[in-house]
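The values are calculated or read from the model by the stated rules, or taken from the named source; none is laboratory data. Just so we're clear, the structure is a prediction, and the values are computed from it rather than from any experiment. In this analysis, Cβ positions are derived from the backbone assuming ideal geometry, glycine residues included, and neighbour counts consider all displayed protein chains. Protein only, heavy atoms only, side chains kept; ligands, DNA and RNA dropped before computing areas. Shrake-Rupley method; radii C 1.70, N 1.55, O 1.52, S 1.80 Å.
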Amino acid sequence: VVWALSIGVSIRHILEKAPNNARLTAIVIISIMLIFSITTFLRTLVWQNNRDLWADTYKKSPEFGKVLYKYGVALGGTEGLPYFRKAVEVAKDKDWKDRSLVALANQAKKDKKYLQAIAHYDQALRIRPLPEYYYEAANIMRNIKNSKQEERGKNIVKCIDYYEKAYNKKRDPFAL
């Protein structure tokens, strides 16, 4: 809006000073409209889907945690894993670092690598102890099948600990 008003005021000023330059003014206006039309058209090509948008944003900001996370989500599955890993390494704000860890944990869970998934959730919980992270970690712990009774007992104790911490955070009776 400010840009459009500035251009309008400038054109009016030019026409008042030199009314004979109306043709030059028309050429300038058409040139400006053409430039903005082309850039808008190119921008709409990039913004057609999340994958292209975040790919373009990643090219411009490859070290930004939010961009890495969002690009990883847009890619999905195993294709997004390198971007989640990089987000964990470089993210300065904890919000995108813990979300990236959760994304890594969810992929490990899909691959039935439950211990790796728990390790990622534990790391995410150290960053931000959210009740939903505790619930998901407890659900993963329930999926681990151990042959030794001693290991199974440790998993049950850890699962109970997750539910207690979730309850302390949210006071949701479901956790009890």
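Annotations for the structure displayed:
- 2 or more residues of a type in the set (Gly, Ala, Ser): qualifying helices (runs of 4 or more DSSP H) within segment 73-176: 94-110, 114-127, 131-143, 149-170
- Filter pass, Ala103 being surrounded by fewer than 21 Cβ atoms within 10 Å (Cβ to Cβ), of a type in the set (A, V, I, L, M) and touching a helix residue (DSSP H, G or I) at 6+ places or on another chain (Cβ under 9 Å): no
- Within segment 39-72, tally of residues that are assigned to a helix (DSSP H, G or I) and open to solvent by 90 Å² or more (accessible area, probe 1.4 Å): 7
- Qualifying residue in segment 105-119 (condition: hydrophobic (A, V, I, L, M, F, W, C) and either in contact with a His (Cβ under 7 Å, 6 or more places away or on another chain) or in contact (Cβ under 8 Å) with a residue 60 or more places away in the chain (or both)): yes
- Flag if Ala55 is within 30 Å of Trp96 (Cα to Cα) and free of Cβ contacts under 8 Å to residues at least 60 places away in the same chain: yes
- For segment 67-124, the candidate set comprises residues that are in contact with a Ser or Thr (Cβ under 6 Å, 6 or more places away or on another chain) and aliphatic (A, V, I, L, M); within that set, the residue that is farthest from Arg51 (Cα to Cα) is Val88.
- Among the candidates Ala137, Ala105, Ala124, residue that is within 18 Å of Val73 (Cβ to Cβ) and touching a Leu at 6+ places or on another chain (Cβ under 9 Å): Ala124
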